[in-house]
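The values are calculated or read from the model by the stated rules, or taken from the named source; none is laboratory data. A quick note: this is a predicted structure, and the numbers were derived from the prediction, not measured. A quick note on method: Cβ atoms are made from the backbone with ideal geometry, for glycine too, and the neighbour counts reach across all protein chains shown.
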Amino acid sequence: MRIYFYILAGVMSALIGWNLGQFFIADLGILLRFPEIILFPCVAISLAVGMVLNEIFLSTPTRTKLNLRVARFPICTAVSLGLLAGLISGGISQILFLPQLAIPTFIVRIVGWLLIGSSVGISEGLTWRRYSIEAGDQHRFRKRFKISVIAGSIASFTAALMFELLRLAIGELPESVRNLEDPIGFSLLGALLGLAFSLSTSPSYMAALRAGTGFEYTEIYGNDVKHQSNYPSINQTLLKFVSDSEADQIEEGLSIQLPASGKLSIGSASESDVFIPDLPSHVAYLEILHREAKLFPDKQYFNQIQVNGISLTSSKPVNLKHNYILTFYANSSKRFDSKSIFRFVYYNRFLDPQA
């Protein structure tokens with residue numbers, strides 16, 4: 001389904017850009033002698049904005065208002081990069097079209113489309129960090145950016161080659177049919193860009209726990225929490241925070257990036273991977289498998305765990321899914337009453353802009 005949405009968004013964006021360019025050129029008569037300087041920026045801007053919006057709304061389809069608020073800066077970035085790249089590619093194309101250079105027209109078109117595709121990839125890669133917490137990992141961000149640029153470039157180059165073959169086939173057809181080659185060509189460009197981004201930017205299935213209720217009360221551990229050994233923390237040899245790889249203490253809003261596989265213990269024992277002082281020494285452990293995670297409650301303390309607001313009635317393993325809420329009830333202590341809780345949200349992919 002994700003692939004279909006991306007392809008549809010690519011085709012629609014390309015056609016919107018092409019029609020917008022035709023409006024400026026044919027209806028308003030702007031730069032009739034140099035149409036690429038108008039057409040290429042319109043197509044590049046439309047594709048860049050379309051791909052960015054598609055990614056944001058596919059990530060959280062039920063949060064329209066949040067998406068519109070999050071999308072403001074990415075849209076401005078996409079428009080700016082699309083305009084710049086479109087003007088550059090259109091200007092280069094006009095120069096290469098000069099009869100004095102005698103460069104074959106198909107080479108000029110391939111170069112222009114390649115610049116459009118790479119600009120869309122740059123826009124998608126740069127704006128991704130504005131709506132995904134996963135981009136807080138610099139290594140992941142650089143990798144995603146490179147993949148986006150390469151995918152956009154390859155898709156546009158492939159579309160340009162296919163378009164030239166299509167033009168050869170259409171050349172023998174009536175004039176009325178040949179007039180459709182531009183919208184058909186740009187639709188092909190949008191479809192291949194959509195296909196490329198749907199595959200190259202597919203959701204990451206890194207598992208994560210986002211800290212919520214219970215981790216906001218930092219003052220209870222003293223003023224200098226950095227040196228409090230009983231502060232909720234993580235095993236730095238296995239875990240790290242997505243947005244701050246140097247931190248080891250759990251605070252509300254931070255997401256703990258989990259390893260691709262393995263077992264992680266949760267409790268108040270000093271050797272716990274997720275150390276929370278007011279829980280039993282071992283309340284549960286997580287087993288991370290390939291695109292799957294299971295919660296194994298301790299046989300003695302399963303009644304101190306809730307999953308999605310429902311208390312567990314046995315120590316039977318629980319299969320975790322994206323957005324599952326895990327709640328651990330603390331032991332009665334001087335710091336808290338018996339109703340104190342520590343809550344996490346489990347993620348198996350970074351889709352939510354507020355993940």
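Numbers at a glance
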| item | result |
| --- | --- |
| Residues satisfying the stated conditions in region 97-110, i.e. crowded, with 17+ Cβ neighbours inside 10 Å and at pLDDT 85 or above | V108, I110 |
| Test: residue in region 194-217 that is part of a helix (DSSP H, G or I), among the charged types (D, E, K, R) and either at pLDDT below 85 or surrounded by fewer than 16 Cβ atoms within 10 Å (Cβ to Cβ) (or both) | no |
| Any hit, region 66-87, residues being surrounded by fewer than 22 Cβ atoms within 10 Å (Cβ to Cβ), more than 31 Å from the chain's Cα centre (by Cα), in the same structural domain as F186 (by TED's automatic domain parsing) and closer than 15 Å to I38 by Cα | no |
| Pick from region 282-293, criterion part of a strand (DSSP E or B) and under 25 Å from the mean Cα position of the chain (by Cα), ranking: farthest from Y346 (Cα to Cα) | L289 |
| Helices (runs of 4 or more DSSP H) enclosed by region 1-75 - at least 2 residues per element that are within 17 Å of I88 (Cα to Cα) | 2-22, 35-59 |
| Residues (hydrophobic (A, V, I, L, M, F, W, C) and at pLDDT below 85) located in region 65-80 | L66, L68, V70, A71, F73 |
| Selection count where residues are buried (at least 19 other Cβ atoms within 10 Å of the Cβ) and either free of Cβ contacts under 8 Å to residues at least 60 places away in the same chain or in a loop (DSSP other than H, G, I, E, B) (or both), scope region 257-276 | 8 |
